[in-house]
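Chemist: Here it is, the structure in full.
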Amino acid sequence: RAGISNRFELIPAEESEDELVAGEERPDTRLSEQEGSQERSKDRSKEGAVTEQTDGDGQREGQEAEQQDRTLATSNKPRKKKKKRKTKKNSAGETVEDNDLEDIDSLLERIEDPRLAPQSQGGITTDSRPLLYVEHRNLNPENELKRYFGARAVLGDQRPRQRQRQYVRSMWLTAPKNTWPRYSKTGITMQLLDTRRGVQHFTFEHHREYQQVQFKFLDAVESMDPNNIVLLLQMNPYHVDSLLQLSDVCRMQEDQEMARDLIERALYSLECAFHPVFSLTSGACRLDYRRPENRAFFLALFKHLMFLEKRGCPRTALEFCKLILSLDPENDPLCVLLLIDFLSLRAREYTFLTRLFQEWESHRNLSQLPNFAFSVPLAYFFLSQQEERPELERSQARERAARLIQLALIMFPSVLMPLLDHCSVQPDAKVASHPFFGLNAQISQSPALNQLTSLYVGRTHALWKDPAVMAWLEPHVHEVLRMVEAQDALVQEAEQKRKIRYQSAPRNIYRHIILSEMKEATAALPLEVTSQPVMGFDPLPPLDSIVSYTRPERTSHPSNESTLSLFFRSLLPNFNLQGDIRHDGDDEAGAAQDLNQGVNRLMAAMRDMLANIQFQEPPRDDNPEGDGDWD
């Protein structure tokens, strides 16, 4: 290569014209650096630049050509990125390619929040972040599916189609679809109410035009006809409560895809109304569930995470669960604490679950909930089985798991037998015949505790089917029986706690059971809950709701109608027995005339009803053998 006179011959032939232009500028830059080589001889030697003191012209030209070749070879990758504005690099100095979506997500995180702690070599994040910190990349189920199946299998040919509709805004909670109607302002906004102790309190607000649509929606719900909701959505495609209610209808009709799509559209509509300073990730933004305008956001997030869990994205569902809990951690209106342990175990986020238990046990008494009492020792057991952890940590996890599972069996003995039954495991004779774990333990517990235990067993029994888990559980069951026979003080104390506590469940637990639709727990709901109508857009509203606007009163029928009049009204909606009765009690003649008119209308209605009744003759049985085809 020392005899090459044209330096452009060193450029590979398959490069594009843009690369040729970029390659044309590089020699000029090198020549300009050569002009100042006498002043920067030391720096030039460190960078491997070609010096001017060589043995001959041919050697100098060969060195320049060789370095030119190296420079072009190492700069081919950045020049491909030159078609865009500039090459992005990560912390290691490596170039980020277009198809490297994971690196792009990590760069966005660092730009968004510079306080992110770096990950260790084992991939375990540090605990410096807040407990309910939400990561944006974990809100996208495609990122989780790509980890399972690869980007090519998940994305396919979707990338070129993403630029077909440029007016769709990019969101964090859900990805807009090309099949959705074009978005326009719906009349929902978010306002910042106040800031107290570093916590910002927001609320959604409905403008006047959205209130009118909300009134029409309530009329459509009362009509008990889903087609009225469909017609309303055709005129207002992003009305949130209509989307939530119609999603429930589609789910009941086994149309899961449409039900999920409607929930995602509701989330998109609400996210478009976010306040500029409202943050999903900070954990310092609050919404009050007592305000009816805020409930749709809670419910849409909950329904969305349930679809994600069924879709096989437990890590994404866990992130949405943390988001719901961060919106109102003190009251927890949807009681997602009954669900977050299950999602943590399914997503294998054992460290998060144990950290949540350690930080909240002192002021929330999480051990008094059956799900935490059993799931936390199970998480410690799984941590003890991870071989990549140090032996000291594994032994500590085994000790904690043993201690906590024994306390759970003592506090909630009614969980064991239904759990073994769901796992198709037959207990030994000693356990099956002992009254402590027998049928008496389930009958003697309060209805509120029965709801919690039924909910946990029905939801998480699949996590206990592992033979290794059952082998770990068995000796601890026998140890608890030994403590019961020895009349240990812990057993007596737990029995007293069960009698005093769990007298009645709060309203948010009932709301959670209704939304979860676990048949084991739904069957245990009290009559005062099952007897009242439950709407999908607002199940069991709080008794202390903060109402900002009220629905105008509708014109009602006279309350002094007789039973016969109501009966005929149910048959003939246009019938009105009392009609245009004048409310002047002094005019007896007018009252008698109105009575005659009412009787005449009643007789006319009877004649119309009898005239419309048609009797059909029963079909003749010409073929008693039944060999022919039925019509």
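The values are calculated or read from the model by the stated rules, or taken from the named source; none is laboratory data. These figures come from a predicted structure and were not determined experimentally. Cβ coordinates were reconstructed from backbone atoms using ideal geometry, including for glycine residues, and neighbour counts include every protein chain displayed. These area figures cover heavy atoms from the full protein model, side chains too; ligands, DNA and RNA do not enter into them. Shrake-Rupley method; radii C 1.70, N 1.55, O 1.52, S 1.80 Å.
Chemist: Do we find a residue being in a loop (DSSP other than H, G, I, E, B) and acidic (D, E) anywhere in region 396-414?
Modeler: No: zero hits.
Chemist: What number goes with the only condition from (1) open to solvent by less than 10 Å² (accessible area, probe 1.4 Å); (2) closer than 22 Å to C335 by Cα that F437 does not pass?
Modeler: (2)
Chemist: Which is in a helix (DSSP H, G or I), over 28 Å from Q492 (Cα atoms) and under 31 Å from the mean Cα position of the chain (by Cα), of A448, A462?
Modeler: One residue alone meets the criteria, A462.
Chemist: Report whether or not L218 is open to solvent by less than 60 Å² (accessible area, probe 1.4 Å), touching a Lys or Arg at 6+ places or on another chain (Cβ under 8 Å), modelled with pLDDT under 95 and not small (G, A, S).
Modeler: Yes: the conditions hold for L218.
Chemist: Among residues belonging to region 381-420 that are in contact (Cβ under 8 Å) with a residue 60 or more places away in the chain and over 24 Å from M483 (Cβ atoms), point out the one that is surrounded by the fewest Cβ atoms within 10 Å (Cβ to Cβ).
Modeler: Top of the filtered list is E388.
Chemist: Any residue that is out of contact with any Leu (no Cβ under 9 Å at 6 or more places or on another chain) and surrounded by 14 or more Cβ atoms within 10 Å (Cβ to Cβ) - is there at least one of those in region 421-434?
Modeler: Yes, the conditions are met somewhere in region 421-434.
Chemist: Select from region 323-352 the residues that are in a helix (DSSP H, G or I), small (G, A, S) and within 21 Å of L378 (Cα to Cα) and list them in ascending order.
Modeler: Result: S344, single match.
Chemist: I would also like to ask the following. Go through region 357-380 and give me each residue that's surrounded by 14 or more Cβ atoms within 10 Å (Cβ to Cβ) and of a type outside the set (A, V, I, L, M, F, W, C).
Modeler: E361, R364, S367, Q368, P370, N371, S375, P377, Y380, listed by residue number.
Chemist: Among the numbered conditions (1) of a type in the set (K, R); (2) over 25 Å from L139 (Cβ atoms); (3) part of a helix (DSSP H, G or I), tell me where R355 comes up short.
Modeler: (2)
Chemist: Please go through region 119-164 and give me each residue that is at pLDDT 80 or above, of a type in the set (A, V, I, L, M) and over 20 Å from S282 (Cα atoms), ordered by number.
Modeler: Of everything in region 119-164, just one residue is at pLDDT 80 or above, of a type in the set (A, V, I, L, M) and over 20 Å from S282 (Cα atoms), namely L145.
Chemist: Now, a different point. Identify all residues within region 312-328 that are open to solvent by 10 Å² or more (accessible area, probe 1.4 Å) and either under 22 Å from Q245 (Cβ atoms) or not charged (D, E, K, R) (or both); write none if there are none.
Modeler: Correct list: G312 only.
Chemist: Ok, one more. Take the residues in region 178-208 that are under 20 Å from L132 (Cα atoms) and in contact (Cβ under 8 Å) with a residue 60 or more places away in the chain, then tell me which one is least open to solvent (accessible area, probe 1.4 Å).
Modeler: Going through the qualifying residues, I end up with F202.
Yes/no per residue for (1) open to solvent by 70 Å² or more (accessible area, probe 1.4 Å); (2) part of a helix (DSSP H, G or I); (3) over 19 Å from N365 (Cβ atoms):
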| position | (1), (2), (3) |
| --- | --- |
| M470 | no, yes, yes |
| P475 | yes, yes, yes |
| H478 | no, yes, yes |
| R498 | no, yes, no |
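Chemist: Can you find, within region 249-270, the residue that is farthest from F302 (Cα to Cα) among those that are among the acidic types (D, E) and buried (at least 18 other Cβ atoms within 10 Å of the Cβ)?
Modeler: So the residue we want is D261.
Chemist: Continuing with this model, one more query. Would you call Y549 touching a strand residue (DSSP E or B) at 6+ places or on another chain (Cβ under 8 Å), among the hydroxyl-bearing types (S, T, Y) and at pLDDT 90 or above?
Modeler: Considered against the rule, which asks whether it is touching a strand residue (DSSP E or B) at 6+ places or on another chain (Cβ under 8 Å), among the hydroxyl-bearing types (S, T, Y) and at pLDDT 90 or above, Y549 comes out as yes.
Chemist: Now for a different question. Pairs needed: first member in region 425-451, more than 21 Å from Y510 (Cα to Cα); second member anywhere, among the aromatic types (F, W, Y); C-beta distance under 7 Å; at least 6 residues apart or different chains.
Modeler: Sorted first by the residue in region 425-451, then by its partner, the pairs are V431/F437.
Chemist: Before we move on, is P475 free of Cβ contacts under 8 Å to residues at least 24 places away in the same chain and over 35 Å from the mean Cα position of the chain (by Cα)?
Modeler: Against the criterion (free of Cβ contacts under 8 Å to residues at least 24 places away in the same chain and over 35 Å from the mean Cα position of the chain (by Cα)), P475 qualifies.
Chemist: Also, quick follow-up: Taking S424 as the residue in question, decide whether it is on the phi > 0 side of the Ramachandran plot and touching a Lys or Arg at 6+ places or on another chain (Cβ under 9 Å).
Modeler: Yes: the conditions hold for S424.
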